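Here's the structure we're looking at; comments come further down.
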Amino acid sequence: MKFKNILLATTVALSMSIPAFAESEVEGIHHWVAESEVEALKVIIDNLSKEGFTWKDSAVGGMSGGNATQALRTRLAAGNPPATMQLLGFEGINWAKEGALQSLNDLYTENGWVDAVPPQIERFLKADGNYFSVPINMHRQNWIWANKAVFDEYDIAIPKTWNELIVSAKKLKKAGVTPIALSDENWQVLEMFEAIVAGQGGADFYKTAIVGLDEEALKSDTMIKAFDTLREIKGLVGENITGRDWAVATSMVASGEAAIQLMGDWAKGEFLAKGMRPGEDFLCFPAPSKTPNFTFIIDAFGMFKTDDANVKAGQVAWAKAIMDPEVQAQFNMIKGSIPARVDVSVENFDACAQQGYADREHAIEEGTLIPGLTEGFAVSPEFAGVFSDVVAQFFVTEMSSEDAVIALVAGINNAR
């Protein structure tokens with residue numbers, strides 16, 4: 001008993017003389033490697049460091065997060081998960097259902113986060129009653145970015161329809177300007193295709209065909225027309241598109257080598273990083289659509305299960321840093337997106353972000369806030385893969401639009 005009392009006294013003395021958690025690393029896997037992305041990430045890291053934790057960066061770029069996901073799978077198979085991971089779409093849902101992620105319910109309740117995020121994105125943050133990730137932003141995918149000097153020189157108006165866009169693009173091509181900066185990378189082509197489908201078919205058609213996977217909608221004339229339009233786009237993207245990184249395509253627009261790029265608003269971060277100003281040096285406007293819509297994705301971070309108390313403490317600090325209103329404001333000003341939190345003001349944001357914020361509010365009211373297909377939000381991976389494969393094959397071959405629709409329907413049915 002005497003020995004136990006001495007041991008207890010020693011333990012109490014030690015607990016009073018050292019912090020509850022020694023300074024430790026928080027390792028995170030993510031795919032933010034472009035200049036603006038790295039700078040935005042630093043905002044969260046700096047906040048984390050104030051809590052006594054250092055960030056161990058495990059960036060894996062490429063394939064719109066696909067390479068990072070593969071790296072994560074390798075780590076999990078080896079029993080060596082990171083503390084946190086950038087999650088997109090159904091990926092987080094699947095890891096949560098497999099029991100790999102920590103429940104963040106207590107953090108959401110204690111900090112009032114439940115009411116701070118729009119309910120439309122809850123399905124990508126919560127599974128089986130447990131919040132499993134925290135969102136830092138909301139990106140709009142169906143943006144078009146344009147070089148203002150090129151538009152002014154060739155008297156190009158902001159297109160209201162896809163036909164107007166193609167007519168203007170052909171005019172630029174004839175003048176020797178690359179009309180559209182694009183790559184043959186699957187995800188970039190798919191992002192163009194989903195904007196065409198939502199623009200020509202409208203939000204309701206998109207939700208029926210893409211999200212709902214309705215066979216009649218998938219093989220409809222509207223879907224065939226979308227492939228026809230993508231074929232016309234293919235003839236307007238210039239040379240040397242193989243493997244072109246999205247940030248390289250953005251630089252083409254920034255320099256005036258190309259006129260426009262259809263890309264999520266992370267592209268804006270690249271313009272801003274070059275010192276360019278919206279409305280003066282570059283233009284931002286939604287992709288043409290007969291009914292206004294907002295195609296969204298979010299970047300969120302999940303925390304992997306661990307028995308290490310220091311890592312757990314770091315995960316809590318990381319989650320709180322991400323959800324800090326000031327961090328969300330500063331991060332998104334750099335990244336080009338808008339805050340995931342609906343209670344963060346965008347008064348000091350640029351005009352593009354303010355338009356995006358207003359458009360999001362309108363889309364929520366009108367039911368036209370639709371999940372992006374490209375980064376795996378519209379449908380689960382087995383179906384998203386079918387869209388990606390068929391659209392990519394169509395883009396680089398002479399496949400007809402009718403054959404593309406047939407292949408799409410067959411692939412979806414096989415994956416059901």
Selection count where residues are of a type in the set (D, E, K, R) and surrounded by fewer than 20 Cβ atoms within 10 Å (Cβ to Cβ), scope region 335-358: 3
Number of the condition not met by residue 216 [criteria: (1) free of Cβ contacts under 8 Å to residues at least 40 places away in the same chain; (2) in contact with a Pro (Cβ under 9 Å, 6 or more places away or on another chain); (3) not polar (S, T, N, Q)]: (2)
Quick check on region 257-270. Is at least one of its residues part of a loop (DSSP other than H, G, I, E, B) and more than 26 Å from residue 338 (Cα to Cα)? yes
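Checking the conditions here, which among 104, 87 is within 16 Å of the chain's Cα centre (by Cα) and within 25 Å of residue 344 (Cβ to Cβ)?
Just one listed residue meets the conditions, 87.
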Looking only at region 364-385, count how many residues are surrounded by fewer than 21 Cβ atoms within 10 Å (Cβ to Cβ) and in contact (Cβ under 8 Å) with a residue 24 or more places away in the chain. 8
Within region 45-73, take every residue that is touching a Gly at 6+ places or on another chain (Cβ under 8 Å) and of a type in the set (S, T, N, Q) and give me the one that is farthest from residue 305 (Cα to Cα). 67
Test: residue in region 104-114 that is at pLDDT below 95 and in a loop (DSSP other than H, G, I, E, B): no
Every residue in region 133-150 that is closer than 25 Å to residue 358 by Cα, surrounded by fewer than 24 Cβ atoms within 10 Å (Cβ to Cβ) and over 15 Å from the mean Cα position of the chain (by Cα), please. 144, 146, 148
Mind listing whichever residues of region 159-170 are over 11 Å from residue 260 (Cα atoms) and either more than 29 Å from the chain's Cα centre (by Cα) or not hydroxyl-bearing (Ser, Thr, Tyr) (or both)? 159, 160, 162, 163, 164, 166, 167, 170
Only listed residue being among the charged types (D, E, K, R), under 18 Å from residue 394 (Cβ atoms) and surrounded by fewer than 23 Cβ atoms within 10 Å (Cβ to Cβ), chosen from 245, 204, 214, 228: 228
So in region 206-220, with the set limited to residues that are in a helix (DSSP H, G or I), over 25 Å from the mean Cα position of the chain (by Cα) and charged (D, E, K, R), which one is nearest to residue 387 (Cα to Cα)? 215
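The values are calculated or read from the model by the stated rules, or taken from the named source; none is laboratory data. Computed from a predicted model, the values in this text were never measured in an experiment. Cβ: placed from backbone, ideal geometry, glycine included. Neighbour counts: every protein chain shown.
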